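Only one structure is covered here, and it is reproduced in the block below.
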Amino acid sequence: MAGSTASRSTDGGRRYAGGVKKVLVIGGGIAGLTAAWDLSVDHDVTVLEASDRVGGKLRLEKVAGARVDVGAEAMLNRRPEGVALAREVGLAIEHPAIASSRLWVGDELKPLPRSLMGVPLDVSELAASGVLSPAGMERVLAEPDIAPSDLTADVSVGALVGERFGDEVVDRLVEPLLGGVYAGRAREISARAAVPQLVAMAARGSLTAAAAALPVSDVPVFAGIPGGMGRLPEALASSARFAVRTGASVERISRAGSGFRVHVDGELLEADAVVVATQAAPSAVLLMDLVPDAAAALARIESADVVVVTFAVREVEARPLLELGASGFLVPPGERRAIKASTWSFAKWDWVRAAGRGAGAYGEDLLYLRTSLGRHRERVLQLTDHHLEVGSLADLHAATGVRLEPVATHVQRWQAGLPQYAVGHLDVVAGIRAEVEAVPGLAVCGAAYDGVGIPAVIGSARRAAAQVRSAE
Ligand SMILES: Cc1cc2nc3c(=O)[nH]c(=O)nc-3n(C[C@H](O)[C@H](O)[C@H](O)COP(=O)(O)OP(=O)(O)OC[C@H]3O[C@@H](n4cnc5c(N)ncnc54)[C@H](O)[C@@H]3O)c2cc1C
């Protein structure tokens with residue numbers, strides 16, 4: 001199981017019998033574990049994880065009687081990497097039972113119109129949702145007449161969408177959507193990094209026309225894992241294909257001949273190759289000696305702190321929420337609420353609903369739901385658990401009219417939870433990779449590079465593993 005697979009390596013030398021090379025992977029989040037999984041086919045791999053368990057942002061905690069995700073809880077299904085890895089390790093896939101989110105605007109939960117990061121897929125659906133004012137809607141309808149955008153340089157998502165559809169679309173749609181994925185600000189996050197498809201579409205002319213012409217797909221957008229996304233790192237770590245050392249905080253990496261020396265808790269470990277799969281800030285420290293410019297670039301990548309508050313409530317009490325037929329709601333920052341979103345896990349995932357049956361202390365049925373708080377530069381970590389809980393419950397009451405009295409609450413703080421992809425991020429990453437790739441046997445992966453979503457992170461890890469191999 002995760003966190004219990006500690007195995008001290010006694011081999012100070014690098015080469016194993018039969019020429020199998022030794023690889024150290026630093027960071028036991030989904031990136032590090034994926035790189036270890038790939039490389040362990042023909043390498044001797046050890047994952048060094050600073051905390052007491054693997055998984056990073058994929059984490060299960062027991063709340064009342066059931067284990068539920070307190071970090072990431074879904075993955076994109078329309079990118080292959082996440083679902084493919086889950087299947088590779090023998091896990092089943094589940095799609096949301098309800099995938100119908102709402103938007104809390106002007107004291108009302110309105111239907112969240114289908115969009116590509118705010119760009120309406122159906123303008124009449126947007127009009128019917130009532131999310132925009134009449135003036136805001138008029139601005140949207142004028143988009144086809146606007147000259148093609150100049151996209152020779154990277155711009156923010158907010159600048160791209162705002163220029164074409166007006167500020168209201170940015171404030172009421174792009175902000176809550178980007179707030180959910182990146183905990184970021186629409187007018188700061190790079191369009192090329194976050195929404196390359198929109199950039200390609202905008203270069204050709206009207207986004208309204210391009211969005212309307214997108215093929216309609218009945219492939220579910222999201223996938224989950226029965227029992228929680230947290231089962232994915234657990235399955236990888238318990239595969240026994242590689243060793244995991246938890247409580248192993250790496251302090252430094254240096255060269256040792258053609259290989260590397262890794263400093264961990266006063267001990268020196270040697271390896272032929274090293275994969276650095278930590279967040280941007282620790283990666284900057286670890287890479288300082290080897291690739292100083294890349295390390296400096298990583299140090300400049302900012303992150304947002306976020307908090308997830310999970311509630312277990314008695315089903316009898318929360319039944320009105322079930323009747324709303326939604327999977328949760330998003331909150332635009334302009335609404336000035338405490339929370340930025342609420343996910344009704346009981347409605348979204350059949351496995352969560354099933355896990356809650358009889359999970360109360362007296363065998364009563366429980367429903368699980370969560371709120372999330374924290375956008376870039378908001379100081380949410382300093383708030384007390386009580387403050388976070390009370391603020392969340394007050395917002396849930398104001399949004400739904402349902403007053404909840406949880407039987408259990410879990411507060412998960414994610415310091416530097418989500419890296420911020422500022423305008424120009426792709427160039428920054430290209431520069432980092434160029435310097436790293438010039439050091440044979442060194443590779444980097446994780447949420448700081450090619451996307452923060454789980455499939456993108458897995459993709460970056462598989463790329464890192466391939467790079468280690470190609471340098472041999
Ligand atoms: C609250 C929240 C909800 C999210 N929800 C979703 C979602 O629903 N779907 C989705 O696709 N994505 C989601 N994401 C994003 C996604 O979960 C992350 O981007 C992804 O899991 C990051 O994986 P990683 O391996 O790059 O980093 P991490 O998970 O951060 O792992 C890095 C690991 O490195 C370790 N480490 C750091 N320094 C050292 C050191 N010096 N020595 C050894 N180890 C070290 C850390 O302890 C950590 O375990 C969410 C993120 C957050 C914060």
Spot the failing condition for V309; the list is (1) touching a Gly at 6+ places or on another chain (Cβ under 7 Å); (2) not in a loop (DSSP other than H, G, I, E, B), and only one is missed. (1)
Yes/no for A186 being surrounded by 19 or more Cβ atoms within 10 Å (Cβ to Cβ), away from the ligand (no atom under 12 Å from the Cβ), within 27 Å of the chain's Cα centre (by Cα) and not in a strand (DSSP E or B): yes
Which ones in the stretch 313-326 are surrounded by fewer than 24 Cβ atoms within 10 Å (Cβ to Cβ) and either part of a strand (DSSP E or B) or within 16 Å of the ligand (Cβ to nearest atom) (or both)? R314
Failed condition for E234, given (1) over 18 Å from the mean Cα position of the chain (by Cα); (2) away from the ligand (no atom under 12 Å from the Cβ); (3) in a helix (DSSP H, G or I); (4) not assigned by TED's automatic domain parsing to the domain that holds A147, with all others met? (1)
Are there any helices (runs of 4 or more DSSP H) wholly within the stretch 385-472 with 2 or more residues that are at pLDDT 95 or above and buried (at least 23 other Cβ atoms within 10 Å of the Cβ), and if so which? 385-400, 454-470
If R261 satisfies all but one of (1) within 25 Å of Q467 (Cα to Cα); (2) in contact (Cβ under 8 Å) with a residue 24 or more places away in the chain; (3) among the charged types (D, E, K, R), what's the number of the condition it fails? (2)
Looking at A281, is it crowded, with 22+ Cβ neighbours inside 10 Å, of a type outside the set (S, T, N, Q) and in the same structural domain as G27 (by TED's automatic domain parsing)? no
Name the residues in the stretch 44-74 that are within 9 Å of the ligand (Cβ to nearest atom), touching a helix residue (DSSP H, G or I) at 6+ places or on another chain (Cβ under 7 Å) and aliphatic (A, V, I, L, M), would you? V47, V54, L58, A72
Out of L151, L173, which single residue is of a type in the set (A, V, I, L, M), within 30 Å of A447 (Cα to Cα) and outside any loop (DSSP other than H, G, I, E, B)? L173
Assuming V216 fulfils every condition listed in (1) within 24 Å of the chain's Cα centre (by Cα); (2) modelled with pLDDT under 95; (3) not basic (K, R) apart from one, which condition is it? (1)
Residue under question is L85, and the condition is that it be touching a helix residue (DSSP H, G or I) at 6+ places or on another chain (Cβ under 9 Å), in a loop (DSSP other than H, G, I, E, B) and within 16 Å of the ligand (Cβ to nearest atom); does it hold? no
For the stretch 131-184: of the residues being modelled with pLDDT of 95 or more and of a type in the set (V, I, T), which is farthest from L426 (Cα to Cα)? V131
Per-region count, the stretch 265-278, residues within 12 Å of the ligand (Cβ to nearest atom) and either not assigned by TED's automatic domain parsing to the domain that holds A466 or not in a strand (DSSP E or B) (or both): 3
Any idea which of I432, I454, I458 is out of contact with any His (no Cβ under 9 Å at 6 or more places or on another chain), near the ligand (Cβ under 8 Å from one of its atoms) and assigned by TED's automatic domain parsing to the domain that holds V275? I454
The stretch 76-98, subset closer than 22 Å to S239 by Cα and of a type outside the set (A, V, I, L, M, F, W, C), residue surrounded by the fewest Cβ atoms within 10 Å (Cβ to Cβ): G90
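The values are calculated or read from the model by the stated rules, or taken from the named source; none is laboratory data. None of these values were measured; they are calculated from a predicted model. Every residue, glycine among them, receives a Cβ derived from its backbone with ideal geometry; neighbour counts consider all protein chains shown.
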